[in-house]
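Here is the structure we will look at.
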Protein chains: 4
Amino acid sequence: MPKPLNVGMIGYGFMGRAHSNAYKQVGQFFPSEHKVVLKAACARDAEKAKAFADQWGYESIETDWRKLIARKDIDVIDICTPNNLHKEIALAAAAAGKMILCEKPLAMTAAEGKIMVDAVEKAKVPNMVWYNYRRIPAVTLAKKLIEEGRLGKIFHYRAKFLQDWTIKSDLPQGGQGLWRLDVAAAGSGVSGDLLAHCIDTAIWLNGRLDTVCAMTETFVKERMHNLTGKVEKVGIDDACTFMGRFENGSLANFESTRYARGHKALYTFEINGENMSLFWDLHDLHRLQIFDYKDEGKIRGWKSIHVTDNSPDHPYMANWWVPGLAIGYDASFTHQVADFIAGLESGTPASPTFRDAYETQLILDAVLDSAKSEKWVHVPKD
Amino acid sequence: MPKPLNVGMIGYGFMGRAHSNAYKQVGQFFPSEHKVVLKAACARDAEKAKAFADQWGYESIETDWRKLIARKDIDVIDICTPNNLHKEIALAAAAAGKMILCEKPLAMTAAEGKIMVDAVEKAKVPNMVWYNYRRIPAVTLAKKLIEEGRLGKIFHYRAKFLQDWTIKSDLPQGGQGLWRLDVAAAGSGVSGDLLAHCIDTAIWLNGRLDTVCAMTETFVKERMHNLTGKVEKVGIDDACTFMGRFENGSLANFESTRYARGHKALYTFEINGENMSLFWDLHDLHRLQIFDYKDEGKIRGWKSIHVTDNSPDHPYMANWWVPGLAIGYDASFTHQVADFIAGLESGTPASPTFRDAYETQLILDAVLDSAKSEKWVHVPKD
Amino acid sequence: MPKPLNVGMIGYGFMGRAHSNAYKQVGQFFPSEHKVVLKAACARDAEKAKAFADQWGYESIETDWRKLIARKDIDVIDICTPNNLHKEIALAAAAAGKMILCEKPLAMTAAEGKIMVDAVEKAKVPNMVWYNYRRIPAVTLAKKLIEEGRLGKIFHYRAKFLQDWTIKSDLPQGGQGLWRLDVAAAGSGVSGDLLAHCIDTAIWLNGRLDTVCAMTETFVKERMHNLTGKVEKVGIDDACTFMGRFENGSLANFESTRYARGHKALYTFEINGENMSLFWDLHDLHRLQIFDYKDEGKIRGWKSIHVTDNSPDHPYMANWWVPGLAIGYDASFTHQVADFIAGLESGTPASPTFRDAYETQLILDAVLDSAKSEKWVHVPKD
Amino acid sequence: MPKPLNVGMIGYGFMGRAHSNAYKQVGQFFPSEHKVVLKAACARDAEKAKAFADQWGYESIETDWRKLIARKDIDVIDICTPNNLHKEIALAAAAAGKMILCEKPLAMTAAEGKIMVDAVEKAKVPNMVWYNYRRIPAVTLAKKLIEEGRLGKIFHYRAKFLQDWTIKSDLPQGGQGLWRLDVAAAGSGVSGDLLAHCIDTAIWLNGRLDTVCAMTETFVKERMHNLTGKVEKVGIDDACTFMGRFENGSLANFESTRYARGHKALYTFEINGENMSLFWDLHDLHRLQIFDYKDEGKIRGWKSIHVTDNSPDHPYMANWWVPGLAIGYDASFTHQVADFIAGLESGTPASPTFRDAYETQLILDAVLDSAKSEKWVHVPKD
């Protein structure tokens, strides 16, 4: 008899859909002792909550997240709201003893994040943050190659996340689907939205980042605010670049923007080690590029691994199709739910926990401080 | 109130899984009046049927497909068996008035296919064959560009489907997961398995193929047969190449093999028109390459379209994520179910119907005849 | 004291320029005992001969190739005329005891080629045909990898040479720069012009081709003939595709056309062996793609070798620049002259000799015969 | 009658060879009123000078550059020495009224550069610095597209130059071929060697750089010095990254290193404008990637232009081969000589002049200052 894992979902946007799809798929592709049950969907607007619940198969709805948290039949609270609600909901859920899966970034600031970490650790509730890119098979394979010690001393880590969807100056800030442009809801612009992903992957693959020096820019200074109906100053960063040094001595070069014409969601990272280099690109997410210096000289070159073998060689892929058939972006969430459940069953929590994600908040704070002060900033150890 | 569409699935292998995933996803991503219900899974082995039904959420099982077809609560029969069972099951299902979704290739031979077409047309049951690549958004976009008349006169169509998984001579033929190597179960080798896909796409995009001249090869002449326990002659084609001429005057060059080291499932096609050329590659299925001769000379070149915009520009993608985030191979099945349902609702059946797929059988027969006779063969018009 | 090698060049078009550049470069990049001297340039039109000689530094001119051949101060005759003059010039040059470097294809037909081979062999004069692609470093590296036995049993060899420059139906045939469209001057269309290159490389890399089955097409049936001023029937093949079998059991798939919109000079080849596959593309001529099955499973993939290391690992490159800096198409001719001279000095003639190139003529004849007869044709062994 | 342009070459290394090849080629590919004459080669070691002169066809040699400059039969002094000699030679050559072609970077420091600019401007001698990448046809095409106003407002400019050849810690510093590792001879490490190229292209394409913030690293702290025979502290920067702001409001992200395993000479730049983005990569130098936002939505994507058309569409290419046939790195020098001569003939000097190159020195100084001070630095206007 499978153990039910009753999910209460707060939010119904892009991430609400992505997580719901994962909950529905996980049992078929990664069967376990647990069975995810879509118990309740919560949104302030009852009609929207109903429509979402009907479409995705949630058994019930709530319009007040506090009521959702109060329900005894809910095991897991999934926080898919704008960033400014993460903390309050997470604290309440922790207090109610619920497991918590929180969308990234964990918090608006490191200070908020610290409170959230303390809350879940005090409550001893399983917790995780949806930095889903760790579970793209090609990225997970990169992690394995690094853990196996194949790269040797690391010299460089560079990452960028380039988009172009906010170039139009008549795009409003705020409101449905546009809260990412509203500093009050999002806390920051590309740094919290895009760089956060780059940082999470980087510290997972390359360890602690020690110092940073950053620059931000807001190209479009004023936009109509959909919630107020007025043209208002834009508070977010449209672009954020930073240099830095990792604790292992390697150099960091990070960049994110929503003004790189031609790039939809070009998240790339490259790590250069003494013996091997790795490169990944979200636009071709099923491939990992590697250069292996140990190859014989005459046949040395960059290799493109099509990470689609249904074998243990390629993380997660043994559970999908046959070699050559790529899975999508969405599968990364399915993998994350599978790992969360595996963590429950094994007792070793799946990463990134709130604590892991807090490290990213510390770096984000340092980056934004540096951009403001125009100085190098040391990332605190906690 | 959604109308239930009760599916009875026969088979539980690779395609059984792929179709089941699509049935489960379609309502969330392509909502309609119909609601797919996974009513029954059928397999000769009760234990396997049970395990599959449990994992995928089928409500019941059957161990005899005739009983499944006899059930009044089944609307759709999905045939995911080896090829040698397609005809018999389809005829019975048609006789019982069931809708039929049949895995490709439709039949073992064109003669078999003809009988099946006649049966479904006489019974007037909705029918479709799972040539899923038509519903990869990049391929569907290619179709749209052709329909819009952008290519002008067509000169060339070339396609190949290259794999490398049967190079090992100690791989057995026949038995679980290996029936594709057994001519008795599969009818043919790469021609029915791989070329069939290439042909289906080609006639959809470029019209009737008139004449062909083919060559086949069986590199490994004998293999252990898992069902008999004996080393037996291999009856399938390991590789099949053909040239030909389309009715529109363009030249065909097709190739398929399971002996192209380094290629997992490299299905590519290219069409060269007077004004525009198109190229697609299953290994990067989310991209369509186009060359537009109407571009200004100095900036003319091959363009890689990342077919991931959630807008009507990119077929099916408005129903998925945000720009830049690729969907997987699996989504092509979800789209096919969505289109099948849309066909039921609109009255215009989704292609390829059995009749459409029969044209592919005629070509496959001509190809195999040509390889045997070493002569050019005319493809009959029906 | 370097030995002079006095060149008499016949022709001043594209190839006349490419060879002259090579003669001028070879001493700087591949110094040897010999010193190439540009002794005389020959063209029917004295003014054009003079202009060419001045621009390229030829010491003198001739307007009658017979006179050029008669000159005692000429060691090497370089034949850069249209194909229909190759035989006559080569026979005269051989009779005069001159070394001969002849543009490809060697001859209009195999019969012509046989006469030419006999002539140079009887005269014992050093001879070579300008199949320059053998000397692209990436292609030479492919040859080395094959010779080292890395590929194992070969299953497939496919090559294509795609262009798009004759799609315009108002392009004339014949006359300056357009003799390649005139069957009287060229002998054939894409088969002699483009396929000849593909075949030369193929038999060098993969051995004898045993049987072929071909198809040709002339898309534009009539064109203005510049020399007659009349619209005349086009006698050349615009496209030529063939299948075949090599003596080593591998399958051939070759295609060439001047109607593949978007491709300027896309010569590609791929060879699939049991243990390794290789791919090369003239549009990125400095790269060789390899797939090495002996790589560990988890990091197996296609590797792009940037064949630019100035080390013995990368053929010819030790004589050029530093790693990462590509050489151009033109360098292949420089390499060929260097190898021709090295052949003179070592006594082992550089390939392809007239005899080597004659094999390509035999295949071309078989291909055109097959296209005409619509039958499989055996390539004679000589 | 062509006007002789007598060249006196100082140095015989990598650049001495590259320039000499250009001098020899220019008359054939870019004929003009001038005829370059290789008059004299100069090196301290007479034997080396003689060998170089013989191989490349210089008419005479000198062992003292002052004597070379004093010769009346020399029109142009080409400075191909290590950086620490540029100033002294250039001042002497200017004083002698010679035209000067100086290898990049112009000088060891901006202060040195200023003196050199003043000298050539006072002497009114034609002068140019060998930033050859401006003359790669794909890069020149980028310049044209920008000049035509196609990009609109610029948001981002990023460039990197990645190599991996100094990772080995037992590589000596100093001495033959290794002076680039010796701070006394080179002035700096990757900043002057690699970043200088990136900066030259950037200011040419995107205008003045206003402020920078940089970080440098020396990974290998000590190396054997070949000239002293002792292990000495390494004074150069092994890696240099900087951020900055251009005067036009766009953001800069630059990086260079010799520790990026897998990259031989990966110089890339990307510029993101409101309406168009451009990307170029030295490893595939014959291609320019463009994204044109004005393309229709459904066929919008990155386009790879194979910049090899022999037409005015593709800069310089009308003088080379036929479409599809790439030229090499070396051709960029041939183009630069052609443009230098065209500048002499037209009266409009070819760029970059010493003054143009001085701007790069100002930025390099600012970058190194910033790395040292760990502060943002304003680039002086002169």
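List of remarks:
- Peptide A:142-154 - average C-beta neighbours from other chains (10 Å radius): 1
- Selection from C:CYS80, C:ALA18, C:VAL36 lying farthest towards where the dipole of segment C:3-132 points positive, charges on Cβ: C:VAL36
- Modelled spin labels at D:ARG208 and A:GLU296, positioned 7 Å past Cα toward Cβ, are 5.7 nm from each other.
- When the P(r) of segment D:119-204 is calculated, the portion above 19 Å amounts to 59% of the C-alpha pairs.
- For segment A:113-128 versus segment D:120-183, the inter-centroid distance based on Cα atoms is 52 Å.
- Compactness index (Cα Rg / 2.2 N^0.38 Å), segment B:32-111: 1.11
- Equivalent ellipsoid, segment C:276-382 (semi-axes from 5 times Cα gyration tensor eigenvalues, Å): 32, 25, 13
- Computed [θ] at 222 nm, helices only, for chain C once each DSSP H run of length n ≥ 4 contributes -39500 (n - 2.57): -9500 deg cm²/dmol
- Our summary gives chain C a relative contact order of 19 percent, counting only alpha carbon pairs under 8 angstrom and 6 or more residues apart.
- Here the gap between B:ALA111 and B:LYS35, fully extended at 0.36 nm per residue and compared with their Cα-Cα distance, gives a gain of 23.8 nm.
- Rounded to the nearest 20 debye, dipole of segment D:145-217 from Cβ charges on Lys, Arg, Asp, Glu: 240 debye
- Inter-site label distance for A:LYS3 and C:ARG44 at 7 Å from Cα along Cβ, in nm: 9.3 nm
- Between the residues D:TRP376, D:ASN310, D:TRP320, the greatest Cα displacement towards the positive end of the dipole of chain D, with unit charges on the Cβ of Lys, Arg, Asp and Glu, is found for D:TRP320.
- Across segment D:282-316, the residues whose backbone nitrogen lies under 11 Å from the label position 7 Å along the beta-carbon direction of D:ASN275 are D:293-295.
- Remark: segment B:134-377 is approximated by an ellipsoid whose semi-axes, taken from the C-alpha gyration tensor as √(5λ), come to 33, 22, 18 Å, largest first.
- Computed FRET value (nearest 0.05) for A:MET224 with A:ASN248, which takes r as the C-beta separation and R₀ as 51 Å: 0.65
- Think of each Lys and Arg Cβ as +1 and each Asp and Glu Cβ as -1; about the Cα centre, that makes the dipole of the protein assembly as shown roughly 0 debye.
- Think of segment B:3-132 as a dipole: +1 on every Lys or Arg Cβ, -1 on every Asp or Glu Cβ, centred on the Cα centre; then among B:LEU5, B:ALA111, B:LEU101, B:LEU5 lies furthest on the positive end.
- Between identical copies, the spacing of D:LYS122 label points, each set 7 Å from Cα toward the C-beta atom, reads 7.6, 7.7, 10.5 nm from nearest to farthest.
- Residues of segment C:6-32 buried by at least 20 Å² on assembly (accessible area, 1.4 Å probe, chain alone as reference): C:PHE14, C:ARG17, C:ASN21, C:LYS24, C:GLN25, C:GLN28, C:PHE29
- Partner aspartates and glutamates for A:LYS67 [C-alpha distance under 12 Å; skip if fewer than 8 residues away on the same chain]: none
- Where labels lie 7 Å past Cα in the beta-carbon direction, separation of A:GLN176 and B:ASP73 in nm: 3.9 nm
- Solvent-accessible ranking of A:TYR131, D:TYR316, largest area first, probe 1.4 Å: D:TYR316, A:TYR131
- Overall size of the protein assembly as shown from C-alpha positions, given as principal axis extents largest first: 99, 80, 55 Å.
- For the listed residue pairs A:LYS104/D:LYS221; A:LYS375/D:LYS303; C:LYS294/D:LYS168; A:LYS375/D:LYS160; A:LYS264/D:LYS160, the alpha carbons are over 31 angstrom apart in A:LYS104/D:LYS221; A:LYS375/D:LYS303.
- At the residue level, C:ASP75 shows approximately 50 square angstrom of accessible surface with a 1.4 angstrom probe and all protein chains present.
- Radius 9 Å from Cβ of B:ALA107, net charge of other residues (Lys, Arg +1; Asp, Glu -1): +1
- Other protein chain C-beta atoms within 10 Å of residue C-beta, averaged over C:265-277: 4.
- Mean accessible surface per residue for segment D:89-215, computed with a 1.4 Å probe while every protein chain stays in place, in Å²: 28 Å²
- Within segment D:136-377: Cβ-based charge dipole about Cα centre, in debye rounded to nearest 20 (Lys, Arg +1; Asp, Glu -1): 460 debye
- Of the residues B:ARG44, A:ARG71, ranked by 1.4 Å probe accessible area with the largest first, the sequence reads B:ARG44, A:ARG71.
- Per-copy distances of the B:ALA95 label point, shortest first, in nm (7 angstrom along Cα→Cβ): 6.9, 8.4, 10.9
- Ranked order, B:ASP78, D:ASP45, B:ASP292 - accessible area, probe 1.4 Å, largest first: D:ASP45, B:ASP292, B:ASP78
- Accessible area of A:THR353 in the full protein assembly, 1.4 Å probe (Å², nearest 10): 30 Å²
- Heavy atoms of B:LYS48: accessible area, 1.4 Å probe, square angstrom to 10: 90 Å²
The values are calculated or read from the model by the stated rules, or taken from the named source; none is laboratory data. Small disclaimer: the values here were computed from a predicted structure and weren't measured. Cβ: placed from backbone, ideal geometry, glycine included. Neighbour counts: every protein chain shown. The area values use the complete protein model at the heavy-atom level, side chains included, leaving out ligands, DNA and RNA. Shrake-Rupley method; radii C 1.70, N 1.55, O 1.52, S 1.80 Å.
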